[in-house]
1. Probe radius 1.4 Å, ligands and nucleic acids ignored: give me the carbon and sulfur share of the accessible area of the stretch 47-138 as a rounded percent.
2. Can you list residues whose amide H is under 5 Å from residue 111's amide H, if they're 5+ apart or on another chain and H is modeled 1.01 Å from N?
3. Which ³J(HN,Hα) values, rounded to whole Hz and listed in residue order, are derived for the stretch 136-144 from phi using the Karplus coefficients 6.51, -1.76 and 1.60 in 6.51 cos²θ - 1.76 cosθ + 1.60 with θ = phi - 60°, glycine and proline given as x?
4. Label points 7 Å out from Cα along the Cβ direction at residue 137 and residue 16: separation in nm?
5. I want to check the label-to-label distance for residue 182 and residue 32. Put each point 7 Å from Cα in the C-beta direction and report it in nm to one decimal.
6. From largest accessible area down, sort 69, 5; use a 1.4 Å probe on the protein chains.
Amino acid sequence: NEYRFDSTYEYGQTVSASGKSIFGSAEYEYSSFNTENWTSNFPTLVGNYKARSKGKNNYGSYYYGNTQFFQIVPKKVDVHMSKSTITYGEENPVYIEGLQFNDQLTSFDSLIDDKTKDKWKMTPDVSKIVILNSSGLDVTSCYDFNPIEKEVDVNKRAISISSSSAVFTYTGESFKDENYTITRGSLVEGDSISVIYSEELKATQSNVIN
């Protein structure tokens, strides 16, 4: 009696197939669909495969059963933002439910609708996700990602700055000074500060006509 394989398996599913022959038990071996590289290990990566039973007669010769075909498809997984509150500039990691075979998330990013607000709608950027298995092989394509949007509270980042002295000709317009020192905290990479003197300056003048 031969084991009947399903036509489709999801990444992460394993099969322990066994059968019987007229000479005793039979084992199963597997190969990629377009090769003849047979192995006794059930495949784990996404792809198209074939299987056959393998028996041994009393004379020591091997014989094979019918070839069966099946495929392994990507596993559907939800992808979440981990935190509901962050400080501006703080990383919000991505969390993936249901990683298989000790696979590890090694790279991620997120999409943000509007950074000017104090609440961000953050969505995992699935194009930036990288997943490696325990051997270091990239198995990102073995997953079908469903990104979940999350509203995240963003706290202000506390910094203190000290502006240098500035001497300039007053024209009635605000004056921008790029010279400053951050005395507490730090800027987020890519951000910058411009110190603008915008307070109205007043002068009193007396005219004397002889």
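1. Reported share for carbon and sulfur atoms: 45 percent.
2. Amide H to amide H, under 5 Å and 5 or more residues apart or across chains, residue 111 pairs with 123, 125.
3. Using θ = phi - 60°, the values come out as x, 7, 6, 10, 4, 5, 7, 10, 10 Hz.
4. With each label placed 7 Å out from Cα toward Cβ, I get 2.2 nm.
5. Simple spin-label model gives 4.9 nm for this pair.
6. The ordering from most to least exposed comes out as 69, 5.
The values are calculated or read from the model by the stated rules, or taken from the named source; none is laboratory data. Model, not experiment: these values are computed from the prediction. Reconstructed Cβ throughout: ideal geometry from the backbone, glycine too, with neighbour counts over all protein chains shown. In case anyone asks, the SASA skips ligands and DNA or RNA and just uses the protein heavy atoms, side chains included. Shrake-Rupley method; radii C 1.70, N 1.55, O 1.52, S 1.80 Å.
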